[in-house]
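Readers should treat all values here as calculations from the given coordinates under stated rules, not as data from a laboratory. On a predicted model such as this, the values are computed, not experimentally measured, just so you know. Reconstructed Cβ throughout: ideal geometry from the backbone, glycine too, with neighbour counts over all protein chains shown.
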Amino acid sequence: MVALQGWVNAKRVVGGIVFLEIIPENLVQPVTAVFKKSENRDLWKEAKKVKIGTAVRIEGEYSRVRLSKRGEEFKPTKFEVITPPVDILPIDLTGKTPVLFDTKLKYRYLMLRLPKERAIFKIRARLLKHVRDFLEKNDFLEVHTPKIVGAGAEGGATLFELDYFGRKAFLAQSPQLYKQMLITSIPRVYEITPYFRAEQHHTTRHLNECWGIDVEMGFISSVEDILKLLEELLSSTIEYIRETCKEELEILGVDLKLPRRPFPRLTYDNVIQLLEERGIKVTWGEDLSDREERVLGSIMKEKGYDLYFIVRYPWETKPFYIMRRDGYSESFDLDYKGLEISSGGQREHRYTELLRNIRDKGLDPMDFEFYLEAFKYGMPPHGGFGLGVERLLMKMLDMENIRETIIFTRDIHRFIP
Ligand code: AMO
C-alpha cells in the first residue's frame, strides 16, 4: 500500500470509471488514479464529485501501467478530501487552454504544480547546492553581508534609495565592497545573495531583484586565477546538472551541452575586431550593447563555443574597484550564448591607487571611508566575480525570458505577489 498526497488536476468520467489526474506532492510527474464503480462504488462516488484543485490523500497501489502523458496508473483503496478549493482555479493547469505570461507570473505558486515549472526550480535548487559544495570543497567560507547599505558599488543610476531613520540608505546592488573588505581576514569568501537593481528598462534579461553567486579570493597572482576558478565552477555545475537532473531536463526538452574548454579569453579589442568583420562598429571605450553581445554569441557558436570570456575592457567601462593597467582594466565578463552571465576581475588592493580610482570616477572618497579603511592594514591582491543565477539558468535551459527562472518576479511592473 502506498499513500499519495497531492492535488486533483483533471477529472474525466467515462461510463463507470473516474480518472483523476493527481499531482503528487513530491513527484515531478502526475499520477492517474482510476476509480471503478464496479470495484468500489463509494470511492467512485467520492471521486466523481471532487473538484479540480482539491488537496487529497489517496491510498492504494501503482498498477504498473504507464498511461501516455498522464503518468503512472494508480489503483486506489482509500480516498480522502483534505482541502477542497474555495474558488475555481484561475488558470487551467491541464495545458488545454494556454496561460498568458502575465497570468503565469501572477499564479506562479499554482503553476508550480506542473512538471515543467517544478523542473525549472528543482534545477535551480540543485545548481545552488552544487555551487555551495564546489566552493566549500575549495575552502571558500559562506558569508552574509548587509542588504541595507550606505554606499553603492555599481553606480548611482541603479540604486534603490530608502529612508533609514531619517538618513539616506540604499538596498545593496551587490556585496562588492563587503566581500572585498573581508579579504583582509578571510581570503576566500562567497555569498549567494539577492541584488537590488533599480534598472529602469523592461527587457527579457533584467530583473530588479535578482540573485548572484558572489565570490572573492585573496593572494592571487593575476586575474587568470579567477578565470580558472569560474571556468571550473561552471563546467562542473553543468556536468552536475546533466547527471543529476536528467528527468527535469527531459521534461523541459533541454539538451544541456558540456562546454568546450578552455573557454576562450577574447580581449575587448579582439571582440571589436570580430564585430567589425560583421559590419558592426563599436566605439572604443564603450561597453558592448545587447545586440553586439548577441552577434558575438553567434560568432562564437560558429567556432563551437557557448561560453567565453571577454577580458581587458577599457577602464572607463568598469567600476572604480577594478585594477587598471595601461588604460585597460584587469576585468572580465563571461558570456553564455550571447549574454553576459558574470563579471569580475582583479581588484585594486593598493590604498593610494584605490583612492585615485575613486576620485577619477568622480566619486567622493568620504562616501567610501569605511571601505577604504579596510585597505590600510595589509590587504592582499585579490579578485572575484558575481555570477547571475537567473541569467545562468536562462541560458542553460534555453529560455527566452529571465522571468521564467525566478519564482516571484520583481521587475519594473511587478512587486506583487
Ligand atoms: P555586475 O553588475 O556585472 O557585477 O553583476 C554581476 C552579474 O549579475 C547579473 N545581474 C543581473 N541579472 C539580472 N538582472 C539584473 N538587473 C542584473 N544585474 C546584474 C548578471 C551580471 O553578470 N560586483 C560586480 C561583480 C564582481 O566584480 O564581483 C557586479 O555586481 O549576470
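Rounded to the nearest 0.05, what FRET efficiency do ILE407 and GLN273 give with R0 = 56 Å and r taken as the Cβ-Cβ distance? Could you check?
0.85
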Original post:
Can you give the FRET efficiency for THR97 and LYS376, using 1/(1 + (r/R0)^6), R0 = 56 Å, r = Cβ-Cβ distance, to the nearest 0.05?
Top reply: 0.30
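Take every Cα pair under 8 Å in the chain that's 6+ residues apart, average their separations, divide by the length, and report that relative contact order as a whole percent.
Reported relative contact order: 13 percent.
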**OP:** Using a 10 Å cut-off on Cβ atoms, rank the peptides 124-132, 361-369, 285-293, 307-315 from the highest mean neighbour count down.
**Re:** 307-315, 124-132, 285-293, 361-369
Original post:
Of LYS228/LYS361; LYS168/LYS337; LYS228/LYS395; LYS147/LYS281, which sit over 32 Å apart, Cα to Cα?
Top reply: LYS168/LYS337; LYS147/LYS281
Original post:
In nm, what is the difference between 0.36 nm times the number of residues separating ARG57 and THR244 and their Cα-Cα distance?
Top reply: 64.4 nm
**OP:** Could you check the simple spin-label distance between LYS129 and ASP290, using points 7 Å along Cα→Cβ, in nm with one decimal?
**Re:** 3.4
Subject >> trypsin sites (Lys or Arg not before Pro) within region 146-178: DSSP coil, no more than 15 neighbouring Cβ in 10 Å >> reply: LYS147
Subject >> Residue-count net charge about PHE385 - beta-carbon cut-off 9 Å; Lys, Arg +1, Asp, Glu -1 >> reply: -2
Original post:
Once you sort the root eigenvalues of the Cα gyration tensor of region 155-239 as a ≥ b ≥ c, which label holds: rounded (a/c under 1.5), prolate (a/b larger than b/c) or oblate (the other case)?
Top reply: oblate
Original post:
Which helices of the chain meet both criteria: a Cα extent of 30 Å or more along the helical axis and a mean Kyte-Doolittle score no lower than -1.0, with helices taken as whole DSSP H segments?
Top reply: 115-137, 223-244
Original post:
Once a ≥ b ≥ c are taken as the square roots of the eigenvalues of the Cα gyration tensor of region 107-162, is the result rounded (a/c under 1.5), prolate (a/b larger than b/c) or oblate (a/b not larger than b/c)?
Top reply: oblate
Original post:
What is the packing order of peptides 372-379, 26-33, taking the mean over residues of other C-beta atoms within 10 Å and listing the highest first?
Top reply: 26-33, 372-379
Original post:
Rounded, prolate or oblate: which fits region 296-417, taking a ≥ b ≥ c as square roots of the Cα gyration tensor eigenvalues, rounded meaning a/c under 1.5, else prolate when a/b beats b/c?
Top reply: oblate
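Just the ratio, please: alpha-carbon radius of gyration of the chain over 2.2 N^0.38 Å, N its number of residues.
Working: Rg = 25.9 Å, N = 417, 2.2 N^0.38 = 21.8 Å.
In units of the 2.2 N^0.38 Å rule of thumb, it is 1.19.
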**OP:** For a label point 7 Å from the Cα of ILE280 along Cα→C-beta, name the residues of region 298-318 whose backbone N is under 17 Å from it.
**Re:** 298-311, 313-314
Original post:
Using 0.36 nm per residue, how much length does the chain from MET366 to ALA3 gain when fully extended, once their Cα-Cα distance is taken away?
Top reply: 124.3 nm
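On average, how much area does the Cα convex hull of region 267-343 cover when viewed from any direction, in nm²?
Taking the Cα atoms of region 267-343, their convex hull projects to 4.6 nm² on average.
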**OP:** Filter the chymotrypsin sites (Phe, Trp or Tyr not before Pro) in region 124-168 down to the DSSP loop ones having no more than 13 other Cβ atoms within 10 Å, then list what survives.
**Re:** PHE165
Original post:
How large is Rg over Rh for region 128-189, taking Rg from the Cα atoms and Rh as the Kirkwood inverse mean of 1/r across Cα pairs?
Top reply: 1.08
Original post:
Applying 1/(1 + (r/R0)^6) with R0 = 56 Å to the Cβ-Cβ distance of ILE82 and LEU141, what FRET efficiency is obtained, to the nearest 0.05?
Top reply: 0.85
Subject >> In region 23-110, GluC sites (Glu not before Pro) in a DSSP loop with at most 16 other beta-carbon atoms within 10 Å >> reply: GLU25, GLU39
**OP:** Run down the lysines and flag those whose C-alpha is under 29 Å from the C-alpha of LYS48, throwing out any fewer than 8 positions away in its chain.
**Re:** LYS11, LYS36, LYS37, LYS69, LYS75, LYS78, LYS96, LYS104, LYS116
